[in-house]
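What follows is a set of notes on a single structure, which appears directly below.
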Amino acid sequence: MKKTLALVFTFVMFAVLGMKGADPVVWSYKLVDENTDHPALKITANVAAGYHLYDFNHGGMENPLKITVTPKGATLVGTPVPSKKFIAETDEDGMPAKYYTGSVTFTQKLKPTKADFSLTVKITGQACNDSGCHNFNKAEILNGKAKVAGEEKDEKEEEKAEEVIVEEKSADTVAVAAMLPDSVADSAAAAVGATAADSALWENVEAEVKALSKEEKEASLWAIFIAGILGGLIALITPCVWPMIPMTVSFFLKQNKTRAKSVRTAAVYGLSIIVIYVILGLLVTAIFGEGALNALSTNAIFNVFFFLLLVVFAISFMGGFELTLPSKWTNKMDSKVDSTTGMLSVFFMAFTLALVSFSCTGPIIGTLLVEAATSGNYLAPAIGMFGFARALALPFTLFAMFPTMLKSMPKSGGWLNSVKVVLGFLELALALKFLSIADLTTGWRILDREVFLCLWIVIFFLLGVYLLGKLRFPHDSKVEKTGVGRFMLALISFAFAVYMLPGLWGAPLKAISAFAPPSTTQDFSLFEGEVKARSHSYEEGVALGVNEDKPILLDFSGHGCTNCRELEGAVWTNDEVRNIINDKFILVSLMVDERTPLPEQIIKKNRNGETVILETVGELWGFLESEKFGIMAQPYHIIIDHNGKPLSQAMDYNNGKNVDNYIKFLETGLENYNKKHAAATAQQPAAE
């Protein structure tokens, strides 16, 4: 039976991971009727079996197809025309659906204005099947030749016309830059000018960074795993799980005549719980995909959705309503338990536990999966669920091994509901973190630092009042007297609220720096110990380094990056670190989630030879981090010289949050910069 379960688990893993396979739509591009006065572009989509490609102006909520062709030396005649009519039907929700299957070709007619022309093609949309949808974002550049009737222009006139066009673009760039926020306007304009041609500053330096590192270190998943364990332990003391421990263990002991067999049964039961929740984590990864998990962390729509989701969880925990799964699911699992025997029935018992306890574990699992998914790490959801299931399964196995311990378990009572309400307060506080990320990435400024802190102070003050029994929710029992445990927890909650009060006047509050918005969003601050970036543009930062003869500290960060805020709050506020950065370095902060549009598109080829169209400042800095340093994670700090070469090993979140490590990182970079500078100075007379 164990082999059967192992095979089932392996099959599910491969099936889930297989969902990330090849693209369901393969695109090809072809220019036809070249060297004529009526060339055309044909874009062919080959849709995989079982998938459907949504049409333009699709009536449903799905992401419709969008083909954008930007010509140079030609104009567009009409819009792309499909080679066949779309399939029209109504989906399960009653929404109209328009889509293509098989192969379809879209033809875009062109009218050339020059003999040599080029086309930049960008295609976005999605293809779906019964299991889910696959979003795509494709780009391609094509060059063609055409015959332009009656085009007999003098070369000087052509050069003059091109000069006018360049001047007009420059004027547009200035106009757009004038409308951008001061913090990014210069970086947006500078980026377009600096990246017009390939620069040595953008050359890949992965090998050099690794050479400077004593050992390669991967981002640790321990934090997610520990969070999962804590979530599982919290789930144990909820009203839906706690009473089931003695009931389930007693069932094992009665069904099995020997203690050894009951222990084996409990072990399989615990293993089944782990398998069920790890599969859930793998499904989250497969559905969202590796790239999307990283994008979720700063996507405003998703963060607002997570905010609302956690508020719903909080209301549920506080007794506003109960989250339950359809009863037929539970009944079906019960019937499976009755109709099967052996270890398979134990597996279905574990599944029944997962369904029955959903009203209590659902919000905890949801919060954990949201945190794991938005961490951007591909394995995080599965690792988080593994930790959660380990903690949840532990007591069932432990009490089956030592049944006499059941007598020492606290009896069920009103304290279990109090646990749920306390979790509700914590869910409410955590929800504000996601609203803050959306606020920062969009620039709404509705949840500045002082507003955030005010809400947290009120939440934790009310939590303390609740723990003292002065505030009651539905299903709460009257607190006749306050126990020592409740009093100590109330004391901690009140102390935490008081701790946050100085933050209203700008105090760093290192303990919550990962959650609170950055101090730059605060309207009034008495704190003067901040480390502020000298520039938000890569090339501009390098130029400042040349002018002031200082190395450049690149800070790849993000408005919605909680780890970035934690590192800055815990390390950059240290007096020694702050003084070294301000006095010895040019700090350049590059926000990879900055949504400000570039004055004009930047088209580049990545290392895989794929065409990438960059439209926002954040996309540009993300491309720089990925292509130059071979990484796409934040925070990522690295020291470079004036030629863009690394001077020290990179500093990520796990290593950088230690003050001593960070000081050593800065000193090593400064020492290597001085050595290079001295060597270059010594060679100058010989060169002359």
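Would you mind finding the one in K407, K411 that is at pLDDT below 80 and not in a helix (DSSP H, G or I)? Reasoning before the result, please.
Values: K407 fails: not in a helix (DSSP H, G or I).
The unique qualifying residue is K411.
Take A295 and decide whether it is modelled with pLDDT of 65 or more and either not assigned by TED's automatic domain parsing to the domain that holds L423 or not basic (K, R) (or both). Please lay out each step first, then the result.
On the way: modelled with pLDDT of 65 or more: no; either not assigned by TED's automatic domain parsing to the domain that holds L423 or not basic (K, R) (or both): yes.
The answer is no for A295.
Consider E671 against the criteria (1) part of a helix (DSSP H, G or I); (2) in contact with a Gly (Cβ under 9 Å, 6 or more places away or on another chain); (3) under 21 Å from K550 (Cα atoms): it satisfies all of them except one. Which criterion is unmet?
Answer for E671: the failing condition is (2).
Might you check whether a residue that is under 27 Å from S626 (Cα atoms), of a type in the set (A, V, I, L, M, F, W, C) and surrounded by fewer than 20 Cβ atoms within 10 Å (Cβ to Cβ) occurs anywhere in the stretch 544-566?
Yes, there is a match, as at least one residue in the stretch 544-566 is under 27 Å from S626 (Cα atoms), of a type in the set (A, V, I, L, M, F, W, C) and surrounded by fewer than 20 Cβ atoms within 10 Å (Cβ to Cβ).
Can we say K42 is basic (K, R) and modelled with pLDDT under 80?
Details: basic (K, R): yes; modelled with pLDDT under 80: no.
Answer is no for this residue.
Being of a type in the set (S, T, Y) and in contact (Cβ under 8 Å) with a residue 60 or more places away in the chain is the filter here; which residues of the stretch 438-468 pass it?
Kept after step one, since they are of a type in the set (S, T, Y), are these residues of the stretch 438-468: 441-442, 466.
T441, T442, listed by residue number.
Among the candidates V484, V498, V479, which residue alone is without any contact (Cβ under 8 Å) to a residue 12 or more places away in the chain and surrounded by 14 or more Cβ atoms within 10 Å (Cβ to Cβ)? Working first, answer last.
Values: V484 fails: surrounded by 14 or more Cβ atoms within 10 Å (Cβ to Cβ); V498 fails: surrounded by 14 or more Cβ atoms within 10 Å (Cβ to Cβ).
Step by step, each of V484, V498, V479 is checked, and only V479 is without any contact (Cβ under 8 Å) to a residue 12 or more places away in the chain and surrounded by 14 or more Cβ atoms within 10 Å (Cβ to Cβ).
Having 3 or more residues that are in contact (Cβ under 8 Å) with a residue 12 or more places away in the chain and within 16 Å of A533 (Cα to Cα) is the bar; report the strands (runs of 3 or more DSSP E) wholly within the stretch 546-641 that clear it. Even if it seems obvious, please write down each step before you answer.
Numbers: elements: 552-557, 586-591, 597-605, 611-616, 636-640.
Fully inside the stretch 546-641 and qualifying: 552-557, 586-591, 636-640.
Step by step: first the residues of the stretch 425-476, then only those that are at pLDDT below 85 and of a type in the set (V, I, T), then the one that is surrounded by the fewest Cβ atoms within 10 Å (Cβ to Cβ). Which residue is that?
T442
Could you please find all residues in the stretch 100-121 being part of a loop (DSSP other than H, G, I, E, B) and either closer than 25 Å to N137 by Cβ or outside the structural domain of G50 (by TED's automatic domain parsing) (or both)? Spell out how you get there, then give the answer.
Residues of the stretch 100-121 part of a loop (DSSP other than H, G, I, E, B): 101-102, 113-115.
Answer for the stretch 100-121, where residues must be part of a loop (DSSP other than H, G, I, E, B) and either closer than 25 Å to N137 by Cβ or outside the structural domain of G50 (by TED's automatic domain parsing) (or both): T101, G102.
Can you tell me which condition A507 does not meet? The list is (1) under 30 Å from A678 (Cβ atoms); (2) of a type outside the set (S, T, Y); (3) in a loop (DSSP other than H, G, I, E, B), and all the others hold.
In the conditions (1) under 30 Å from A678 (Cβ atoms); (2) of a type outside the set (S, T, Y); (3) in a loop (DSSP other than H, G, I, E, B), A507 misses (1) alone.
Please verify whether I512 is of a type in the set (V, I, T) and outside the structural domain of H677 (by TED's automatic domain parsing), treating the condition exactly as stated. Full working, then the answer.
On the way: of a type in the set (V, I, T): yes; outside the structural domain of H677 (by TED's automatic domain parsing): yes.
Here the answer is yes, as I512 does meet what is asked.
Yes/no matrix, rows are residues, columns are (1) over 25 Å from K657 (Cα atoms); (2) touching a Leu at 6+ places or on another chain (Cβ under 7 Å):
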| site | (1), (2) |
| --- | --- |
| S436 | no, yes |
| L440 | no, no |
| I457 | yes, yes |
| L463 | yes, no |
| K481 | yes, no |
| I492 | yes, no |
| A511 | no, no |
| Q522 | no, no |
| R534 | no, yes |
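So R486 ticks every box in (1) over 25 Å from the mean Cα position of the chain (by Cα); (2) part of a helix (DSSP H, G or I); (3) under 23 Å from V311 (Cβ atoms) but one. Which box is left unticked?
Exception for R486: condition (3).
The values are calculated or read from the model by the stated rules, or taken from the named source; none is laboratory data. Nothing here was measured: the structure is a model prediction, and the numbers come from that model. Glycine also receives a Cβ, built like all others from the backbone with ideal geometry; neighbour counts cover every protein chain displayed.
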